[in-house]
1. How high is the relative contact order of the chain, given as a whole-number percent (alpha carbon pairs under 8 Å, six or more residues apart)?
2. With a 10 Å radius around each residue's Cβ, average the other Cβ atoms per peptide and rank 129-136, 330-337, 371-378, highest first.
3. Pairs Lys307/Lys347; Lys2/Lys195; Lys259/Lys347; Lys59/Lys195: which are spaced more than 18 Å apart, C-alpha to C-alpha?
4. Give the aspartates and glutamates reachable from Lys211 as a straight Cα distance under 19 Å; neighbours fewer than 8 places away on the same chain don't count.
5. Can you give the convex hull volume per residue for the Cα atoms of the stretch 2-202, as a whole number of Å³?
6. Can you list which of the trypsin sites (Lys or Arg not before Pro) found in the stretch 347-438 are DSSP loop residues with at most 11 other C-beta atoms within 10 Å?
7. In nm², what is the average projected area of the convex hull enclosing the Cα atoms of the stretch 270-368?
8. Would you calculate the volume per residue, in Å³, of the smallest convex hull containing every Cα atom of the stretch 197-334?
Amino acid sequence: MKLSVIGLGKLGAPLAAVMASKGFEVLGADLRRDFVDSINAGQAPVVEPRLQELIDASKGRLRATTDVEEAVRETDASFVIVPTPTGPDGIFLLDYVMACAKPIGQAIAKKSSYHLVVITSTVMPGDTGTKLVPALEEASGKRCGTDFGVCYNPEFIALGSVVYNMLNPDFILVGESDAKAGAMLETIYRQSCDKPPHFAHMNFVNAELAKISVNSFVTMRISFANQLARICDFISGADVDVITSAIGLDTRIGRKYLKGAVSFGGPCFPRDNVAFAKMAAGLGTEAPMALATDKMNNDYLDHLAAKILRLLPRGGVAGLLGMSYKPDTGVIDASPSVELARRLLEKSCQVIAHDPLAIPEARAKLGEHIVWAATMSECAREADVLIILVPWPEYAGLKPGVLKNGGKGVSVLDCWRQLPSEQFAGICHYELIGCPNSAQG
């Protein structure tokens, strides 16, 4: 079976590489000539762990074009993975997906065989059936469910672990126009995944609702753990990790995403929550839990900023370790660190920051109001209050000897409990977020 992937960005390029590495012939399509040229030269067009490795393993089965119609015409199934940015009203915009519909439909019109169109981009409930399918039928002059099939099949992945998540999904969500479309997509995934995944087949609307429901539920768990950490900060003897480890043993709860630390961010979690609430409001009802989760996520940054300001001496410098929204990526979309930096700057604080990958994007967003440290040690040497905001593995290797003034008068806030606390005892004021008894120095 030959596959096409339309959109070769942060998710599309890894999807194309995964499929090609698993034996499929893959033709990628993107309007960005530099991305296409990179793929054709055997080079990863974006930074993502293992992406280059899989491109190398594709052994000539992966190539790219700027012609979407050509990509569809020459393949049996097309994965559409283009941006669906959030509009001013909080609703996902379908512009890029709809722009693909015409060339896809025109290619289908010229084919005698059944073609599968897979929408991997996240869309609002109702969009696949009421907007995309009619556009494909109009452009092709053919009927969905008979002449061609459509599946809504969003990914549940995180930047920095995209390849792993695609190879090892918890489950595959399939919103299908017809049984043939769903079966065809399942066949593809049974070949591309490292182990047989669970499949959930349903209609378009249920799949669209399921996608944003998953992220809304996960963010609710994160915010609950952060709420608990915030409470623990005010109770002597409390330890958020002890509590979450215990309640996570309850099979009704489990341990995933139950780590009180820093607000969530990224290109999916915050916007999916807002879209869930906006969707409900548009239907004339409410999604109060989604609204509360979003509020808690923003309020937690205020709590963290207030803690930093209490510890910061007059004229002191706040050092931020980590600017990306999570480890293993340079993406800063809705990054808690960037938002925290803004709050500190609004209070006229001096800020120095470091990140292994995200400095270029963070600098473009925040400018030169912040001092950008080339290394973790440089950031630590200048900071009166040093905050570990992103659990990059290298930050676990921070040594007390690199702290400003040898640690005298310095505060270290370890949001992710990465550091060996015994090494910092008596050297500085050291706090584990959510564990007030950790304060030392």
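1. Contact order relative to length: 11 percent.
2. 330-337, 129-136, 371-378
3. The pairs that break the limit, which is 18 Å between Cα atoms, are Lys2/Lys195; Lys259/Lys347; Lys59/Lys195.
4. Within reach: Asp127, Glu155, Asp170, Glu176, Glu186, Asp272, Glu286, Asp294.
5. In the stretch 2-202, the Cα hull volume divided by residue count equals 110 Å³.
6. Lys408
7. 7.3 nm²
8. Cα-based convex hull of the stretch 197-334, divided per residue, equals 166 Å³.
Readers should treat all values here as calculations from the given coordinates under stated rules, not as data from a laboratory. Predicted model only: the values in this text are computed from it and were never measured. Counting neighbours? That spans all protein chains shown, and the Cβs are built from the backbone with ideal geometry, glycine included.
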